[in-house]
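Trainee: Handing you a structure now.
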Amino acid sequence: MEDLIDKMKLLKYETEFANEFNMKPFPRHYFAIPTNPGEQFHMFVVTAAWLIRKGKKKFDTPQESDDPNATISNILDYVRRLGVAIEFPPNRLKQGYGEHVVFVLDRLADNALKINNFLWDQPQEQDEEEVVEEENGSGDELDLEQVEEEMAAQYGSDDEYDKDFFNLNVQTITPHVSQMRADVLESDADAEAWKIEVERVIPRLKLAMKPDPRDWRSRLQLLSKYSASVSNTISSSRTMLQKISTDIEKNMERVETREKYLNSQLSGLLTQYSKTQEQLKQVEEKYSKFSVGIEERNHKLNQLNDEIQCIKNELDERSLNMTDGTPLVNLKKVLIRIKGELTLMDVRIGVASHILLQARMKQSTALQHLLLANSTAIAR
């Protein structure tokens with residue numbers, strides 16, 4: 001995670017990213033530990049989109065209302081196009097934290113640095129002053145100033161200890177110090193007891209100096225030590241390796257002879273198997289051809305069956321109509337009704353002819369009376 005933050009700093013995320021989205025830079029372990037999964041997931045997709053845009057590719061900033069599955073799919077598609085193998089399920093990225101999230105962001109940051117022509121320089125070592133070691137008969141000399149500095153660095157941050165122990169009045173200490181100096185002008189210590197105390201304390205005063213890995217002398221000593229250990233162990237391991245080599249050769253010879261024997265025994269079966277495979281292919285081709293013809297004939301058969309069924313239905317309807325007496329009864333009823341209507345019509349015709357006859361008779365009598373009247377008038 002720290003490497004990712006450093007790469008993003010090289011891409012100027014502290015200024016560009018923070019100003020674009022109006023937010024503070026991430027903590028160094030923001031995507032490594034869970035804090036708020038929803039917020040972390042949103043920041044992950046936003047950061048991934050920003051890194052993709054830094055790689056000179058167009059990618060819209062995801063919104064909180066977008067489908068997370070679609071957003072993750074788009075990001076992973078871009079990562080796969082970079083040639084990175086994705087060997088974890090996409091649901092792992094919905095957490096917003098973890099090694100998979102850091103992995104995706106790290107690959108996007110590497111691509112952005114590559115697109116922006118960023119090159120890593122070789123690390124430059126600062127020149128350090130050589131430490132001059134003085135040796136004596138009793139071993140390494142103790143540097144008291146260095147010990148004081150280490151003790152000050154170790155205990156200098158203990159505020160409570162400083163307040164309780166070192167917060168003294170200097171004016172009250174000064175007279176006691178002058179009195180102590182006056183008392184120590186003459187020593188009353190026992191020489192034997194002093195020697196015993198010195199012998200007891202000397203082992204504690206010796207410091208074990210760690211070898212400097214940049215010192216060629218220590219490396220040369222290590223190389224000679226390792227060379228001696230390798231030369232000691234190689235003599236015992238050479239015989240074991242030779243034995244293993246002979247065993248492997250014997251086993252390889254056995255395998256080769258067994259393989260040759262099996263090939264000689266199975267050669268006839270293999271040829272027969274190949275012939276059988278060819279015959280099977282021919283039979284399958286014939287089957288495919290015949291199956292096509294059978295399908296066509298089945299289709300025609302289905303059509304003929306449908307036509308036969310339609311004809312059967314028509315015959316059934318006609319047979320029902322022939323055996324059914326209902327139409328005959330209806331016909332008789334119609335004939336009776338027609339006969340009644342004919343009789344009624346004959347009566348109406350007779351009445352009409354009678355009325356017509358009466359009208360003609362009245363007309364003839366009136367005409368006769370008129371002629372008679374006219375004739376009498378003429379005679380007069």
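Taken together, the values in this text are just the output of simple stated rules run on the coordinates, not laboratory data. The structure displayed is predicted, hence computed values, not measured ones. Ideal geometry is used to build each Cβ from the backbone, glycine not excepted, and the neighbour counts take in all protein chains shown.
Trainee: Working carefully through the options N69, N22, N91, N74, find the one that is on the phi > 0 side of the Ramachandran plot and without any contact (Cβ under 8 Å) to a residue 60 or more places away in the chain.
Mentor: Of N69, N22, N91, N74, the one residue that is on the phi > 0 side of the Ramachandran plot and without any contact (Cβ under 8 Å) to a residue 60 or more places away in the chain is N22.
Trainee: Considering Q279, Q265, which residue is within 49 Å of the chain's Cα centre (by Cα), among the polar types (S, T, N, Q) and assigned to a helix (DSSP H, G or I)?
Mentor: Of the residues listed, the single one that is within 49 Å of the chain's Cα centre (by Cα), among the polar types (S, T, N, Q) and assigned to a helix (DSSP H, G or I) is Q279.
A quick yes/no check of all residues on (1) surrounded by 10 or more Cβ atoms within 10 Å (Cβ to Cβ); (2) within 60 Å of the chain's Cα centre (by Cα); (3) not small (G, A, S):
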{"site": "L320", "(1), (2), (3)": "no, no, yes"}
{"site": "T326", "(1), (2), (3)": "no, no, yes"}
{"site": "G340", "(1), (2), (3)": "yes, no, no"}
{"site": "A366", "(1), (2), (3)": "yes, no, no"}
{"site": "L372", "(1), (2), (3)": "yes, no, yes"}
